[in-house]
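Here's the structure, in structure tokens; my notes come after.
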Amino acid sequence: MSLQNTNPTNTQAWQELEKHFSKVKDIPVLDLFNKNPNRVNEFSILWEDFFIDFSKNKIDTKAKKLLLALAEELQLSAAIEKQFSGEKINETENRAVLHTALRAKNKPDEVKENLAKMNVFSEAIITGKHTGYTGKPITHVVNIGIGGSSLGPEMVVEALTEYRNHLEVSFVDNLDRHQIENILKKLDPETTLFIVVSKSFSTQETLHNASIARDWFLEQAQQAEYLEKHFVAVSANTDKVAAFGISKANTFSMWDWVGGRFSLWSTVGLSIACAIGYENFENLLGGAQQMDKHFRETPFNNNIPVCLALISLWYNNFYKAETEAVIPYAASMHKLIPFLQQGSMESNGKGVDRNSNKISYQTGTVVWGEPGTNAQHAFFQLIHQGTKLIPCDFIGFKKPIHTYTEDHDLLMANFFAQTQALLVGKSKAEVLAEEKNLGEESPILPHKIFEGNKPTTSILIDKLTPNSLGKLIAMYEHKWFVQGVIWNIYSFDQWGVALGKQLAKNTFKAIVNKDAEEVKDASTKRLLKHYLS
């Protein structure tokens with residue numbers, strides 16, 4: 001077996017954590033600051049252009065030591081080395097997990113070759129050297145994929161809007177015809193490039209949308225040989241790509257040791273290279289490589305992904321918090337949340353451990369959020385005064401990507417104020433001192449009190465650049481890996497995605513045949529009958 005398969009709840013460190021948790025669970029975080037003058041330094045990490053402040057979390061020095069001991073007891077160091085060295089730690093699919101090799105300094109030759117091909121191709125698209133079938137330069141790039149073949153590239157392209165060139169880049173990832181039709185009606189077939197991304201080249205949603213795009217193109221271009229000017233594929237299945245009508249010269253390779261949700265660093269990132277230029281794409285890879293090195297070499301007590309993972313586990317498994325929010329204070333990062341949702345929940349949403357036993361403890365975390373300050377006027381009410389414990393990651397930047405520094409200062413003032421408010425709250429005495437018209441017995445008074453003691457982690461980065469975004473994404477990738485190792489689950493398969501796809505074939509057949517009786521369960525059968533009526 002590649003990884004140690006130990007139920008974490010049976011370890012000495014876990015049992016010590018349970019004992020310690022019962023003693024400290026109700027201690028206010030402000031008391032921890034009062035007892036430990038060095039708390040901010042002890043619970044923060046300054047690394048390159050990242051400053052991570054964990055100090056507002058409901059965790060003390062002993063809990064931190066025990067969590068680090070848990071990581072050691074479960075041989076996290078060995079697991080990290082096994083991943084980076086290419087052992088087949090994705091045992092249920094008999095695959096290595098080597099997305100880190102895509103951004104390593106010493107990349108495999110096959111990766112170097114495809115990155116060089118990406119470089120040449122994206123440059124030809126950007127400069128206009130590659131033209132459409134009528135000789136006009138490409139002006140619009142459409143990425144057709146789903147899941148990791150779309151979420152990652154779209155998130156990066158949206159986040160790095162200030163690095164965008166003249167190309168318009170769109171993403172199609174939904175079976176709802178409305179999405180692709182809305183995009184197609186704005187396009188000129190003479191100047192549009194489609195990138196079809198599917199490792200197997202059999203993903204239903206992707207192939208359906210790619211066929212719509214091909215039909216739309218041929219309706220106007222008329223001749224199939226023109227496809228090679230306007231369609232490229234990113235896939236491991238060259239036979240199916242060729243059958244679709246895309247030439248081998250226009251096919252970029254993928255590899256089975258790269259999972260979809262970790263694939264933006266590969267040829268799947270072709271749309272990124274087209275949108276921001278290959279040099280900036282390389283800087284994105286470089287940032288991730290720096291985080292890889294930090295993760296692999298730094299002692300756990302100062303290791304950013306490890307500390308993030310252990311704090312998340314502390315809330316998940318001991319406080320029984322089921323969700324965590326991510327709040328980036330940058331409007332361009334609005335796609336970061338769905339990207340992190342897939343990465344976290346598809347990786348660690350598992351109910352069977354590496355021993356193939358049903359799990360009795362909580363795994364996975366529901367990830368959600370929205371950029372600030374929008375979020376402050378939406379769901380922050382629940383975080384501030386609701387009944388649920390919701391740890392939050394606040395992501396902010398010291399320098400803006402624009403020239404309006406006063407506006408950025410106002411944005412970041414809210415970043416700091418919200419984490420402060422969640423920590424300190426507002427007491428009854430403070431409310432009464434502020435609002436002289438309220439009396440001790442006022443029924444309104446309790447509604448204006450904030451308990452505080454709500455945990456946050458602040459991730460303060462110098463500036464949003466391709467390099468820093470690469471670091472941030474890799475940071476979360478490694479966080480999920482650490483959690484999976486400790487929870488004794490396989491984080492790199494996604495069997496839970498398959499069943500719905502399988503059953504959709506049956507329900508589609510029932511719809512085509514107008515025969516709901518082909519479906520077994522009574523509820524779905526009744527729904528289909530209503531749909532068909």
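Report, by residue number, each residue of region 151-176 that is over 30 Å from Lys501 (Cβ atoms), part of a helix (DSSP H, G or I) and either of a type in the set (A, V, I, L, M) or out of contact with any Gly (no Cβ under 8 Å at 6 or more places or on another chain) (or both).
Thr161, Glu162
Looking only at region 429-441, count how many residues are surrounded by fewer than 17 Cβ atoms within 10 Å (Cβ to Cβ) and in contact with a Lys or Arg (Cβ under 9 Å, 6 or more places away or on another chain).
Count: 4.
If we scan region 317-333, do we find a residue that is within 24 Å of Arg164 (Cβ to Cβ), modelled with pLDDT of 95 or more and in a loop (DSSP other than H, G, I, E, B)?
yes
Are any residues in region 162-189 under 14 Å from Val142 (Cβ atoms) and acidic (Asp, Glu), and if so, which ones?
Correct list: Glu168, Asp173, Glu181, Asp188.
Which of the numbered conditions does Gly496 fail, given that it passes all the others? Conditions: (1) small (Gly, Ala, Ser); (2) in contact with an Asp or Glu (Cβ under 9 Å, 6 or more places away or on another chain); (3) under 30 Å from Lys398 (Cβ atoms).
Of (1) small (Gly, Ala, Ser); (2) in contact with an Asp or Glu (Cβ under 9 Å, 6 or more places away or on another chain); (3) under 30 Å from Lys398 (Cβ atoms), only one is false for Gly496: (3).
What is the one condition in (1) in contact with a helix residue (DSSP H, G or I) (Cβ under 6 Å, 6 or more places away or on another chain); (2) assigned by TED's automatic domain parsing to the domain that holds Gln483; (3) surrounded by fewer than 22 Cβ atoms within 10 Å (Cβ to Cβ) that Lys65 does not satisfy?
Tallying (1) in contact with a helix residue (DSSP H, G or I) (Cβ under 6 Å, 6 or more places away or on another chain); (2) assigned by TED's automatic domain parsing to the domain that holds Gln483; (3) surrounded by fewer than 22 Cβ atoms within 10 Å (Cβ to Cβ), Lys65 fails exactly one: (1).
I need a count of the residues in region 410-448 that are β-branched (Val, Ile, Thr) and under 35 Å from the mean Cα position of the chain (by Cα).
Adding up the residues that qualify gives 2.
One line per residue, one yes/no per condition, for (1) in contact with a Gly (Cβ under 9 Å, 6 or more places away or on another chain); (2) closer than 15 Å to Asn90 by Cα:
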{"position": "Thr465", "(1), (2)": "yes, no"}
{"position": "Ser468", "(1), (2)": "yes, no"}
{"position": "Phe481", "(1), (2)": "no, yes"}
{"position": "Asp493", "(1), (2)": "yes, yes"}
{"position": "Gly500", "(1), (2)": "no, no"}
{"position": "Leu503", "(1), (2)": "no, no"}
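Given the residues Gly128, Gly148, Gly135, which is the only one that is under 19 Å from the mean Cα position of the chain (by Cα) and either crowded, with 19+ Cβ neighbours inside 10 Å or not basic (Lys, Arg) (or both)?
Gly148
Could you tell me whether any residue of region 325-338 is touching a residue at least 40 places away in the same chain (Cβ under 8 Å) and under 20 Å from Pro8 (Cα atoms)?
no
Considering only region 246-255, state which residues are buried (at least 16 other Cβ atoms within 10 Å of the Cβ) and out of contact with any Ser or Thr (no Cβ under 7 Å at 6 or more places or on another chain).
Within region 246-255, Ile246, Asn250, Trp255 meet the criteria.
Scan Val196, Val156 and give me the residue that is touching a strand residue (DSSP E or B) at 6+ places or on another chain (Cβ under 7 Å) and closer than 19 Å to Ala275 by Cα.
Working: Val156 fails: touching a strand residue (DSSP E or B) at 6+ places or on another chain (Cβ under 7 Å).
Among Val196, Val156, only Val196 is touching a strand residue (DSSP E or B) at 6+ places or on another chain (Cβ under 7 Å) and closer than 19 Å to Ala275 by Cα.
Which ones in region 483-533 are surrounded by fewer than 18 Cβ atoms within 10 Å (Cβ to Cβ), over 23 Å from Ser360 (Cβ atoms) and among the small types (Gly, Ala, Ser)?
Ala498, Gly500, Ala504, Ala522, Ser523, Ser533
Any idea which of (1) in contact with a helix residue (DSSP H, G or I) (Cβ under 6 Å, 6 or more places away or on another chain); (2) aliphatic (A, V, I, L, M); (3) modelled with pLDDT of 95 or more is the one Leu46 doesn't satisfy?
Only one criterion in (1) in contact with a helix residue (DSSP H, G or I) (Cβ under 6 Å, 6 or more places away or on another chain); (2) aliphatic (A, V, I, L, M); (3) modelled with pLDDT of 95 or more is unmet by Leu46, namely (1).
In region 377-410, which residues are surrounded by fewer than 19 Cβ atoms within 10 Å (Cβ to Cβ) and part of a helix (DSSP H, G or I)?
Across region 377-410, the qualifying residues are His377, Gln381, Leu382, His384, Gln385, Thr405, Glu406, Asp407, Asp409, Leu410.
Somewhere in region 141-158, is a residue touching a residue at least 40 places away in the same chain (Cβ under 8 Å) and farther than 23 Å from Arg261 by Cβ?
Of region 141-158, the ones touching a residue at least 40 places away in the same chain (Cβ under 8 Å) are 141-158.
Now drop any that are not farther than 23 Å from Arg261 by Cβ, which leaves none.
Taking every residue of region 141-158 in turn, none turns out to be touching a residue at least 40 places away in the same chain (Cβ under 8 Å) and farther than 23 Å from Arg261 by Cβ.
Looking for something assigned to a helix (DSSP H, G or I) and either at pLDDT 95 or above or within 22 Å of Thr191 (Cβ to Cβ) (or both) - is there at least one such residue anywhere in region 126-136?
yes
Within the bounds of region 323-335, is there any residue that is crowded, with 24+ Cβ neighbours inside 10 Å, out of contact with any Asp or Glu (no Cβ under 9 Å at 6 or more places or on another chain), closer than 23 Å to Gln289 by Cα and of a type outside the set (Gly, Ala, Ser)?
Among the residues of region 323-335, not one is crowded, with 24+ Cβ neighbours inside 10 Å, out of contact with any Asp or Glu (no Cβ under 9 Å at 6 or more places or on another chain), closer than 23 Å to Gln289 by Cα and of a type outside the set (Gly, Ala, Ser), which makes the answer no.
Can you name the residue in region 231-245 that is over 28 Å from Met345 (Cα atoms) and not aliphatic (A, V, I, L, M) and, of all such residues, is surrounded by the most Cβ atoms within 10 Å (Cβ to Cβ)? Can you show your working first?
If we filter region 231-245 for residues that are over 28 Å from Met345 (Cα atoms), which is where we start, we get 231-232, 238-245.
Narrowing further to those that are not aliphatic (A, V, I, L, M): 231, 238-240, 244-245.
On the way: Phe231: 23, Thr238: 14, Asp239: 9, Lys240: 16, Phe244: 19, Gly245: 16.
Among them, the one singled out is Phe231.
Under the condition of being exposed (fewer than 15 other Cβ atoms within 10 Å of the Cβ) and not in a strand (DSSP E or B), which residue from region 34-58 is nearest to the chain's Cα centre (by Cα)?
Glu48
Restricting to region 1-13, and then to whatever is under 28 Å from the mean Cα position of the chain (by Cα) and part of a helix (DSSP H, G or I), can you tell me which residue is surrounded by the most Cβ atoms within 10 Å (Cβ to Cβ)?
Once the filter is applied, the top-ranked residue is Pro8.
Report whether or not Phe201 is on the phi > 0 side of the Ramachandran plot and under 27 Å from the mean Cα position of the chain (by Cα).
On the way: on the phi > 0 side of the Ramachandran plot: yes; under 27 Å from the mean Cα position of the chain (by Cα): yes.
In short, yes.
Starting from region 1-24, take each residue that is over 19 Å from Lys82 (Cα atoms) and in contact (Cβ under 8 Å) with a residue 24 or more places away in the chain and list its partners that are aromatic (Phe, Trp, Tyr) and assigned to a helix (DSSP H, G or I), counting only C-beta distances under 7 angstrom and pairs at least six apart or across chains.
Pairs that qualify, where the first residue is over 19 Å from Lys82 (Cα atoms) and in contact (Cβ under 8 Å) with a residue 24 or more places away in the chain and the partner is aromatic (Phe, Trp, Tyr) and assigned to a helix (DSSP H, G or I), are Pro8/Trp14; Pro8/Trp487; Leu17/Phe318; Phe21/Phe318.
Need at least 2 residues that are at pLDDT 95 or above and in contact with a Phe, Trp or Tyr (Cβ under 9 Å, 6 or more places away or on another chain) per element, so show me which strands (runs of 3 or more DSSP E) inside region 188-254 make the cut, counting only ones lying wholly within it.
Once the strands (runs of 3 or more DSSP E) in region 188-254 are filtered for at least 2 residues that are at pLDDT 95 or above and in contact with a Phe, Trp or Tyr (Cβ under 9 Å, 6 or more places away or on another chain), what remains is 192-197, 231-235.
Are any residues in region 426-485 hydrophobic (A, V, I, L, M, F, W, C), under 30 Å from Asn348 (Cβ atoms) and in a helix (DSSP H, G or I), and if so, which ones? Can you show your working first?
Let us first name the residues in region 426-485 that are hydrophobic (A, V, I, L, M, F, W, C), namely 429, 431-433, 438, 444-445, 449-450, 459-461, 464, 469, 472-475, 480-482, 485.
Those still in the list that are under 30 Å from Asn348 (Cβ atoms) too: 459-461, 464, 469, 472-475, 480-482, 485.
Within region 426-485, Leu469, Leu472, Ile473, Ala474, Met475, Trp480, Phe481, Val482, Val485 qualify.
The values are calculated or read from the model by the stated rules, or taken from the named source; none is laboratory data. Everything numeric here is computed off the predicted structure, so don't read it as measured data. So basically every Cβ, Gly included, is an ideal-geometry build from the backbone, and we count neighbours across all protein chains shown.
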